[in-house]
Each structure stands twice: as C-alpha cells, then as structure tokens.
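**Student:** Questions regarding the structure given below will be posed in turn.
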Number of protein chains: 2
Amino acid sequence: MERTFAFLGPRGTNTEEAARLIFRGENDAFRPYRTIPDCLEAASEGKVDYAVVPWENSLEGSVNLTLDWIIHKIDLPILSELIIPISHQLSCAKREHPLALSDVTKVLSHPQAVAQCHEFLRDHLSHAEIEYVSSTAEAARLVSEHVEEPWVAISAMQAVHTYPVTLLKENIEDVENNFTRFIVLGKESLVLPEAETHKTTILVTLPSDFPGALHQVLSAFSWRRLNLSRIESRPTKTGLGNYHFVIDIEHKMDDVLLPGAFAEMEALGCQVRFLGTYPVFIKKRNGVELSLRS
Amino acid sequence: MERTFAFLGPRGTNTEEAARLIFRGENDAFRPYRTIPDCLEAASEGKVDYAVVPWENSLEGSVNLTLDWIIHKIDLPILSELIIPISHQLSCAKREHPLALSDVTKVLSHPQAVAQCHEFLRDHLSHAEIEYVSSTAEAARLVSEHVEEPWVAISAMQAVHTYPVTLLKENIEDVENNFTRFIVLGKESLVLPEAETHKTTILVTLPSDFPGALHQVLSAFSWRRLNLSRIESRPTKTGLGNYHFVIDIEHKMDDVLLPGAFAEMEALGCQVRFLGTYPVFIKKRNGVELSLRS
C-alpha cells in the first residue's frame, strides 16, 4: 500500500533527505510542500498520510513555526523523530568545461547555510557576490538552470542528486555540531523498525496564578527519575508572560510512571496535552546508515 | 551631555518608538542600525552609548537573534526594559486626492504585520496584492516615495510620523494581546525615572551529566519565594540537547537572596552569568504615557 509523505520543499531539502533515509519502501511517495504549515495541513486534511517537518536545530534552536502550528492549529500525534547531521555541498551547473573557484561570480544559498560556511567562503570565494534565496534546494535549482553563468550553490546532498548540478566541493561547513531533528506526524500509525531510543512529548500549560508551577511540574518528573531532554517555552498568545511548555521525556509511554506524572501535573492545575510517544532514529555524521539498532 | 542610542532601524520602527517614549532628553540622539547585531556591536564598540533592541514579543516569542548575540557575542549588561503595545497603522503617500481603499492595488509590509492584520485585509483589501518587505518602516518609506501609485503601507505610528505619508486607518490589527519587550544595553549606567517593577536576568548553563539539574536550579528560586517570569532555552551550539537557560527573576539584585541562589546553582555545577538588574517601564494600550510610576 502506498504511503505518502509531505515534506518541506522544494525537492532536494534536508527534510527530504531525512525522510528518504528512513522511509525506503517501494511504495513510499514524497511530495514537496512550500511551507511548514502547508505540510502539516496536508496531513491534517488527509491529502497525504504523513508530514515530515523540521523540529529543532542544534545551532538555531527550535523551529517556532512547527511548535506554534502543533500548539495552536493542528491535532496530529508525533509518530517518529529523525536526527540527521547537516552538511553543506558546493555545486555548479553541469558544464562542458570545469569551473574554477576563482572564476565564480556568485554564490547562491539560504542565509543560514551561508553563515555556516563563513570560513570556506572567506578563504576561497571572497571575490564572489552572495545571493540569498529562500532555500538551499532553490539555490541548486537556480544554478542548474543558468548553465551559462559561473555561479555556485550551497545545498544539501539531496539537492545535488535532485538537480542537474556537479559537486565541486563536499562538506564545506565550518561547524561540526550541526544536527537537525525532524518529526513525522500523521493520523495513522506508522510501521517502523525497532529503535533503541524512545521519547514522549507533551505540552504543559501552567496555571497563571501559581508562581513556581514550573518547578512543581519538573518535580513530578524528577522524583520519578524521568529524564527530560528538552523544555521549550512558547507564548500562549494571550499576553506577555504566559507560556506553554513543550517537554520531551526520555521515556516511552507506559502504564504507571508517565500517567502518574500527568495526573500530578493536572492536580496542580496544569493542562497537559499528549503530543506523541515515538521512536528516535539517528544518523551519525560520517555514517552511511541511520542507526536503526534493532 | 549627549546620550546616543542605536536602535533597530530603519527610522520609524517600533524599536525607535519604544526608545523615544522613554528617553526624551534634549540631548538624546537616536541612530538607526540595519540589524540587531549591528546595534549591539555599536554599543559594544563605543560607537554609541546604548543599544535598544527587541527582546520578546507576546505572539512570536523570544527574539533569538538578540538572545544569541547576548549569549555568544557581546558582554553588555541590560540596563532597562521597555514594554509597549504593538499596533498597526494603514497609510498612503501624501496625495492631491484622497485614496479610497477600493482603489488600492498593493499593500506593503513585513510578513508578521500582514499576518496580524489578516481580518482587516480580508474584509477591506482582498483585491490588493500583498508585497512583503524587510520592515514595516521600510514599507512606509517605499509607499511615500511612490506618490503616483495607489499603494498602502502597514506600519508603526512612528513611521507615519517619520515619512511623508497620510494615515488612512488607525489600529487595524486583529489581535489585542500584542506587546513587545525591548531592552536597553550599554556599558555606562543609565539615569532613569523610578520604576515600580524591577527584574534581574541571568544565563544559566547546566552541567551536561546531571539530569534533573533544571529542577534543582528552579528549587534554588522556589524555596526563596523568588518568582521567575520567564525561562527560555537556547542551544549552546555544542550539540543537540545542550542548552543555556535565560531566566528572568522578578526581583532587584540584592545582597542576600539572589547571591544565595546563584551560589547554590554554582555549587550544583551550573555556570551562572549575570546579565543585568534593571527597571521595567510599561506603556499600556490606549495609554498615552509609559507608566512611570514614581
């Protein structure tokens, strides 16, 4: 049976790369959507089975648009998390003669990718103009369509495979600690390999008249020895100083510990919304495969 | 003596409006800078005395660029906080004949302002094209320079006063709960009116091998009855899952409670960086003055 995945497009993004690394069935189909809300709505309205969207980056932090749509707009559980290292590739259009870096006149990419390749650009392409475009995949597409121009793109490897470009230099990023977490959401459960790590994510809204409530919330986890791997605040949009907290718990949903913690938080006057319990798949840097430790 | 303030430009932004509301001395001079890092660097390098930058919005959340620059790049204390309501004004170029909304062909503004005036635009300007520009002030400037075009801008009132435009409709925003917190940073202390509210802001880095450390950190405040008004995580950029926490405490720096809490956190292996203790000034919606309760 075909499974369809909406991903944050255009074709050739890191999101597509993450989705294709883990979902490799013959009947897995991937459809690019223009924005994160478009991806999430497509899954919510049943136009696709699942949505794959970025969730957090190790340098840039949480993806607020994903958080806000999950909090305010849609009601889809998180079914899986994919963590992949982010690398940047330099490419040019397929040409008759090779392109020397000294002849390049323009570098196209997304501002974040440009910032993450600062040293390489300073050392090898300081003579070239930088043009910011809406995504790294769009940069590769534009470069591929201007064969006559000595332009280069900085993009994900997925874009190098997607558009007719030639790889000039691999992994030109300055920083090694660049990972992105993607999540898969959908109404139907998802058949996945066994994973070593599981997480549960909840949304907690504190009572507004109870200072110290966050401390009490954390107590509910602490005394049960439940580790939290992330706690992220987002405004409730009802006024300054009111927040939702998105909390990742390093524990699969169970019958005792998590329900107990949730009940305790609710007794304190907090609202608790369950956002999903799911396996986590990690691709190591320099590793070929996602570590599907089964 | 002249005091110079760098603000997030161009002229006519909400940041300028906030700065001019509180700093009204004859010798207060305001200089627009293109980006938040440019503002902060100008104050850090002594080109101006103070920088005024956005810090948090009640709808959009924290301004990550400000957080990241304060955490990673500069070392300037926070000297004051200004909280102002955000309203959106519709204006057109100064023309010979009045402009009817039905004749408007294009609406220029920043994407966030457009999103916040969704209902007004749907009801009154659905026939017009939307053009996104880099700031609301830039929208007003562009509209003012194209007198021949039936264009309108959505901007802050400050921009309506700054550029040669005519106000067409006041306060066209859908949402009321839109406030922005701005902070003033600088090396030299700042002479300010008395304020009713004070805050202290710190940056806490948790030891990486100590799950539950955040709970312990909050305990240090909780048992001292120190209220926290905000806790915001930002990646340390050393890998996924490592965070700094920016914590706002509703308490002026003192000799006993806060130093005790800081020492306790340090004993737990946390790094604590003091970011400032400062008065808070609030402009009420529909109020003319900042509430400088002296």
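**Student:** In region A:142-153, which residues are surrounded by 23 or more Cβ atoms within 10 Å (Cβ to Cβ) and in a helix (DSSP H, G or I)?
**Tutor:** A:Val143
**Student:** What number of residues within region A:19-48 satisfy the criterion of being in a helix (DSSP H, G or I) and either within 14 Å of another protein chain (Cβ to nearest Cβ) or of a type in the set (Val, Ile, Thr) (or both)?
**Tutor:** Counting residues in region A:19-48 that are in a helix (DSSP H, G or I) and either within 14 Å of another protein chain (Cβ to nearest Cβ) or of a type in the set (Val, Ile, Thr) (or both) gives 3.
**Student:** Right, here's the next one. Run down B:His118, B:His127 and say which single residue is exposed (fewer than 14 other Cβ atoms within 10 Å of the Cβ), farther than 15 Å from B:Leu167 by Cβ and either of a type in the set (D, E, K, R) or over 28 Å from the mean Cα position of the chain (by Cα) (or both). Lay out the reasoning, then the answer.
**Tutor:** Details: B:His118 fails: either of a type in the set (D, E, K, R) or over 28 Å from the mean Cα position of the chain (by Cα) (or both).
Of B:His118, B:His127, the one residue that is exposed (fewer than 14 other Cβ atoms within 10 Å of the Cβ), farther than 15 Å from B:Leu167 by Cβ and either of a type in the set (D, E, K, R) or over 28 Å from the mean Cα position of the chain (by Cα) (or both) is B:His127.
**Student:** Now for a different question. Looking only at residues that are of a type in the set (Asp, Glu) and within 13 Å of another protein chain (Cβ to nearest Cβ) in region B:49-88, which one is farthest from B:Ser233 (Cα to Cα)?
**Tutor:** Among those residues, the one meeting the criterion is B:Glu81.
**Student:** Could you tell me whether B:Ser208 is surrounded by fewer than 17 Cβ atoms within 10 Å (Cβ to Cβ) and hydroxyl-bearing (Ser, Thr, Tyr)?
**Tutor:** yes
**Student:** Restricting attention to region A:154-171, which residues are crowded, with 20+ Cβ neighbours inside 10 Å and either among the polar types (S, T, N, Q) or under 21 Å from the mean Cα position of the chain (by Cα) (or both)?
**Tutor:** A:Ile154, A:Ser155, A:Ala156, A:Gln158, A:Ala159, A:Val160, A:Thr162
**Student:** Follow-up question, since we're still on this one. Inside region A:34-64, can you point out the residues that are in contact with a helix residue (DSSP H, G or I) (Cβ under 7 Å, 6 or more places away or on another chain), at pLDDT below 95 and over 21 Å from B:Asn242 (Cα atoms)?
**Tutor:** Answer for region A:34-64, where residues must be in contact with a helix residue (DSSP H, G or I) (Cβ under 7 Å, 6 or more places away or on another chain), at pLDDT below 95 and over 21 Å from B:Asn242 (Cα atoms): A:Ile36, A:Pro37.
**Student:** Please enumerate the residues belonging to region B:49-96 that are part of a helix (DSSP H, G or I) and either in contact (Cβ under 8 Å) with a residue 60 or more places away in the chain or buried (at least 19 other Cβ atoms within 10 Å of the Cβ) (or both). Before you say what the answer is, go through the steps one by one.
**Tutor:** Of the residues in region B:49-96, the ones part of a helix (DSSP H, G or I) are B:64-72.
Across region B:49-96, the qualifying residues are B:Asn64, B:Thr66, B:Leu67, B:Asp68, B:Trp69, B:Ile70, B:Ile71, B:His72.
**Student:** Would region B:177-193 turn up any residue that is outside any loop (DSSP other than H, G, I, E, B), in contact (Cβ under 8 Å) with a residue 40 or more places away in the chain, more than 18 Å from the chain's Cα centre (by Cα) and away from chain A (no Cβ under 12 Å)?
**Tutor:** No; the residues of region B:177-193 include none that is outside any loop (DSSP other than H, G, I, E, B), in contact (Cβ under 8 Å) with a residue 40 or more places away in the chain, more than 18 Å from the chain's Cα centre (by Cα) and away from chain A (no Cβ under 12 Å).
**Student:** Quickly run through region A:227-250 and pick out the residues that are surrounded by fewer than 19 Cβ atoms within 10 Å (Cβ to Cβ) and touching a residue at least 24 places away in the same chain (Cβ under 8 Å).
**Tutor:** The answer is A:Asn227, A:Ser229, A:Thr236, A:Lys237, A:Asn242, A:Glu250.
**Student:** Given the criterion outside any strand (DSSP E or B), under 18 Å from the mean Cα position of the chain (by Cα) and not assigned by TED's automatic domain parsing to the domain that holds B:Val63, identify the matching residue among B:Ala139, B:Ala113. Show your work before the answer.
**Tutor:** Values: B:Ala139 fails: under 18 Å from the mean Cα position of the chain (by Cα).
Selected residue: B:Ala113, the only one of B:Ala139, B:Ala113 that is outside any strand (DSSP E or B), under 18 Å from the mean Cα position of the chain (by Cα) and not assigned by TED's automatic domain parsing to the domain that holds B:Val63.
**Student:** Turning to a different aspect of this structure: Criterion first (more than 11 Å from chain A (Cβ to nearest Cβ), crowded, with 20+ Cβ neighbours inside 10 Å, farther than 30 Å from A:His244 by Cβ and of a type in the set (Val, Ile, Thr)) does B:Val104 satisfy it?
**Tutor:** Spelling it out, B:Val104 is indeed more than 11 Å from chain A (Cβ to nearest Cβ), crowded, with 20+ Cβ neighbours inside 10 Å, farther than 30 Å from A:His244 by Cβ and of a type in the set (Val, Ile, Thr).
**Student:** Let me ask another. Going residue by residue through region B:119-135, is there one that turns out to be within 14 Å of chain A (Cβ to nearest Cβ), touching a Pro at 6+ places or on another chain (Cβ under 9 Å), over 30 Å from B:Gly276 (Cβ atoms) and not acidic (Asp, Glu)?
**Tutor:** Yes, that holds for at least one residue.
The values are calculated or read from the model by the stated rules, or taken from the named source; none is laboratory data. Since the model is a prediction, treat every value here as computed from it, not as a measurement. When we count neighbours, we look across all protein chains shown, and the Cβ atoms used for this are built from the backbone with ideal geometry, even at glycine.
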